[in-house]
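The values are calculated or read from the model by the stated rules, or taken from the named source; none is laboratory data. Everything numeric here is computed off the predicted structure, so don't read it as measured data. Every residue, glycine among them, receives a Cβ derived from its backbone with ideal geometry; neighbour counts consider all protein chains shown. Surface areas here come from the heavy atoms of the whole protein model, side chains and all, with no ligands, DNA or RNA. Shrake-Rupley method; radii C 1.70, N 1.55, O 1.52, S 1.80 Å.
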Amino acid sequence: MVNGKLISNLKHALFSCASVICIAGAMLTAACTEDIDTSSRYVFTERTIASYLEDHPQFSEYVRLLKEQKVSDVSETTVYQLLTAYGYYTCFAPTNDAIQLYLDSLAIKGIIPEASWDAFARERDRDSIRAVIVLNSILDGTNSEMKFYSAEFPKTNEEFEINTMADRKISASYPNKNDMDSVCIDGICPVSKKNRDIETINGCIHQIGYVINPSNETLGSTMHKFSRDFKSGLSVMGKLIEACGLTDTLSAVRDERYEKLYKTGAFPSFNWQLRSWPIPAPEHRKYGYTLFAETDEFWEEQLGKERQDISVKDVVTWLENQGYYPEAVNDENYQDNNNLLNQFVTYHLLPERVPVDKLVLHYNEKGFNYRNKTAKPTVPVWTHYITMGKRRLLRAWESSESQGIYLNRFPKLYNGRREDYHEMECSEENKGVEIKTDDASGIIKLINGMIYPIHEPIAYTEHVRNQLAKERLRYDAWELQPEAMNNDMRLVSRTDACWYFSSDPDKQYFDNLVVNSKQTRFMLLSGRDQSWPNYQGDEVLAEGVYDITITCPPVPKTGVYEIRMGVSTYSGTRGICQVYWGSHRDKLVAQGIPVNMQLGGNSEDNLLGWERDTDDDDYNAEVDKKMRNNGFMKGPEYIVASAGGTETNRMNAGSTRRIVVREQMQADVVYYMRFKTVQSNYTTKQLFVDYLEWCPKEVYDNPEHPEDIW
């Protein structure tokens with residue numbers, strides 16, 4: 001096959017993205033897209049996707065639609081032209097019969113009077129349906145150099161890493177467990193066993209038997225329908241969400257103000273001296289939500305009633321009897337965050353759309369090689385989500401011993417200096433609630449959300465809070481910003497996956513992070529496949545006369561906590577910042593001396609007291625104690641410097657933790673951290689934050705069981 005990178009006379013630049021178009025005719029348009037310059041196209045002797053489809057009559061209807069459909073509203077280039085040019089495209093090509101089946105379904109639903117293209121009353125409705133068929137059938141990997149053969153499809157219910165040209169996520173599933181060659185896209189679109197993995201010069205083709213048509217329903221509209229649909233299996237949760245007045249909130253799809261600003265050029269790319277390409281601003285600011293929902297079967301069993309007879313008051317009485325949220329107000333003002341039902345329901349909701357493969361993020365935990373597609377979990381992987389309503393912690397957990405993902409699981413671990421950090425045991429009260437992710441799980445994927453049915457209740461009980469308060473809580477710096485997950489910035493494999501965020505106070509991107517100075521250059525960098533020793537790959541980076549404030553996660557119980565920041569000292573551009581902390585955003589208090597982010601165990605004078613571990617664990621413990629006295633800690637044994645490698649951050653002199661705060665913290669108080677440069681004359685010096693840890697005094701100052709090295 002011709003290597004496209006050797007072809008010098010292709011001068012076009014193509015951008016993906018018109019958005020999914022609903023049948024009512026509302027079109028979500030994408031950003032500016034350049035037309036293809038076909039005058040200098042290289043003439044290949046091998047086939048392109050377009051020429052292959054043209055030569056096979058079962059795709060004649062699809063080809064016609066490709067030739068009619070524009071890449072976007074602002075481009076005259078057709079999708080067919082796109083597929084004649086060099087690029088990385090994965091094309092799920094529906095046959096003529098598949099397209100007819102789709103038209104049949106529209107007629108059955110009453111959207112059109114008969115299954116024909118001539119049956120549309122309005123031209124814009126016909127155009128919308130054409131856009132659905134075409135734009136959702138192609139994954140545009142031009143900017144990521146990714147195409148997907150069937151062996152590279154994601155696991156059951158997991159989503160493809162790149163979006164369709166309609167800017168939508170699609171997934172794979174394997175309905176026949178005895179036949180892994182039996183695969184469907186988005187659950188209902190079978191991939192032909194005979195005509196798949198068709199290699200072309202600009203990508204690959206998979207023939208499918210039905211049109212890919214991701215749902216345009218939101219989490220809000222779906223739960224509104226479910227509240228009246230007793231066959232949905234989630235009607236009770238639908239009633240509870242309605243009662244709490246959450247339908248409108250859960251119906252938001254994206255920030256339209258941001259969309260308008262982006263289209264006017266308000267977010268120019270940033271030409272960074274450390275990158276050879278401009279770093280773009282995010283194209284969208286999408287909203288997202290995740291719901292973990294007890295099933296109707298669960299409620300029928302608990303309440304002894306048929307689902308259609310279960311009322312909101314029945315559930316409230318059950319909650320009271322369970323002793324959940326004893327400090328909550330038990331009245332009928334369900335929309336109040338202090339209300340008992342509201343606290344129960346909102347603990348099931350996250351302000352981010354979390355797909356199956358990102359409930360926990362596998363990347364560079366010890367012993368795991370993400371490049372191995374069949375790799376099993378090794379040491380436990382977790383995420384501590386911050387829920388909606390009153391801000392509380394909800395843990396997702398996976399390990400080799402759990403054999404799946406659980407909510408609020410608290411096992412005992414083999415966490416000694418010479419142990420492997422696997423689960424030792426897990427009692428019944430600590431086993432947690434399983435999230436099933438197989439084909440029978442009933443997971444629902446929506447334009448702005450995910451619904452995970454669960455069969456046991458979850459609540460922020462005293463037991464859950466007590467368990468969390470006994471553990472060190474580690475957060476990737478971007479884990480604290482739901483926008484990063486909602487806009488596809490977490491664990492991205494593209495090496496150019498970097499984003500630049502405006503420092504203009506009227507154009508801020510994050511709800512939980514504020515850039516206080518217009519002189520701040522603020523970025524998210526993905527370090528995946530870069531061999532950076534970063535926890536989960538990515539990092540927060542700011543330059544210039546930087547000044548940013550983050551909203552901290554809540555602590556589970558009132559007590560004394562220590563906050564550490566993970567820093568890599570490998571870059572000579574690391575700067576010096578002052579850390580401030582407190583509960584009044586505008587009156588934060590400076591914490592200790594400024595943090596020198598160039599100072600690590602690899603510094604010439606080694607002021608930290610860092611030494612590589614020896615065979616003598618008593619001596620290693622003394623080194624740890626000496627570093628703590630200096631306000632430093634070694635990096636965790638948990639993280640390996642290069643994904644799939646064996647050198648851990650604990651053995652890495654350039655990866656250390658800085659103890660920046662040690663204070664009494666209240667469980668129901670919101671705290672903030674501010675990072676401000678003290679180097680006003682050094683505009684290229686960087687703020688670097690990899691991860692943050694909240695560690696309770698019971699863990700870091702425990703004479704019987706010293707804090708583990710993990």
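So here's what we get for this one:
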| item | result |
| --- | --- |
| Three semi-axes of the equivalent ellipsoid, region 166-232, Cα gyration tensor, whole Å, largest first | 30, 16, 8 |
| Ellipsoid semi-axes in whole angstrom, largest first, where each is sqrt(5λ) of the Cα gyration tensor of region 511-662 | 27, 20, 16 |
| Magnitude of the charge dipole, region 405-481, Cβ model with Lys/Arg +1 and Asp/Glu -1, debye to 20 | 300 debye |
| Diffusion constant of region 212-263 at 25 °C, which comes from Stokes-Einstein with the Kirkwood Cα-pair radius and 0.890 mPa s, µm²/s | 201 µm²/s |
| Positive-end residue, region 418-532 charge dipole about Cα centroid, Cβ charges, pick of Asn430, His455, Phe501 | Phe501 |
| With 10 Å bins from 0: P(r) over region 652-692, alpha-carbon pairs, percent | 17, 40, 32, 11 |
| Longest DSSP-loop-exposure-free segment, trypsin sites (Lys or Arg not before Pro), the chain, at most 11 other Cβ within 10 Å | 419-710 |
| Against the rule of thumb 2.2 N^0.38 Å, how large the Cα Rg of region 259-314 comes out | 2.42 |
| Per-q log10 I(q)/I(0), region 309-427, q = 0.11, 0.12, 0.13 Å⁻¹ (Debye; single scatterer per alpha-carbon; no solvent) | -0.53, -0.60, -0.68 |
| At most 16 other Cβ within 10 Å, DSSP loop - GluC sites (Glu not before Pro), region 264-335 | Glu306, Glu327, Glu332 |
| Two-site label geometry, Asn178 and Asn602: point separation in nm, points 7 Å out along Cα→Cβ | 5.6 nm |
| Computed accessible area, Asp248, all protein chains, 1.4 angstrom probe, square angstrom | 130 Å² |
| Two-site FRET efficiency, Arg124 against Lys587, from Cβ-Cβ distance with R₀ of 35 Å, rounded to 0.05 | 0.05 |
| Heavy atoms of Ser150 accessible to a 1.4 Å probe, total area in Å² rounded to 10 | 30 Å² |
| Alpha-carbon Debye profile of region 246-359, log10 I(q)/I(0) at 0.12, 0.23, 0.24 Å⁻¹ | -0.65, -1.29, -1.31 |
| Check: the chain dipole with +1 on Lys, Arg Cβ and -1 on Asp, Glu Cβ, in debye | 1580 debye |
| Positive-end extreme of charge dipole, the chain - chosen from Pro411, Gly220, Ser531 (charges on Cβ) | Ser531 |
| Stokes-Einstein D in µm²/s, Kirkwood radius over Cα pairs - region 80-237 at 37 °C with 0.692 mPa s viscosity | 192 µm²/s |
| Dimensions (Å) - region 391-497, Cα atoms, principal axes, largest first | 39, 35, 30 |
| Percent of alpha-carbon pairs separated by more than 40 Å within the chain | 36 percent |
| Full-stretch length increase - Glu300, Val670 - with 0.36 nm per residue and alpha-carbon distance subtracted | 129.4 nm |
| Mean residue ellipticity (222 nm) of the chain, computed from DSSP H runs ≥ 4 via -39,500 (n - 2.57), nearest 500 | -5000 deg cm²/dmol |
| Cross-link pairs Lys155/Lys193; Lys225/Lys431; Lys358/Lys625; Lys147/Lys685 - those with Cα-Cα distance over 26 Å | Lys225/Lys431; Lys358/Lys625; Lys147/Lys685 |
| Solvent accessible area, Å² - Tyr262, 1.4 Å probe, full protein context | 60 Å² |
| Expected-Rg normalisation [2.2 N^0.38 Å, Cα atoms] applied to region 45-130 | 1.20 |
| Size descriptor, Kirkwood hydrodynamic radius, that averages inverse alpha-carbon separations across region 473-589, Å | 15.7 Å |
| Translational diffusion of region 555-628, µm² s⁻¹ [Kirkwood Rh, Cα pairs; Stokes-Einstein; 4 °C; 1.567 mPa s] | 86 µm²/s |
| Additional length obtainable on full extension of the chain from Leu274 to Tyr682, 0.36 nm per residue less Cα span | 145.3 nm |
| Selection from Tyr102, Ile112, Tyr88 lying farthest towards where the dipole of region 86-127 points positive, charges on Cβ | Tyr88 |
| Extent along principal axes [Cα atoms of region 549-592; Å; largest to smallest] | 39, 23, 18 |
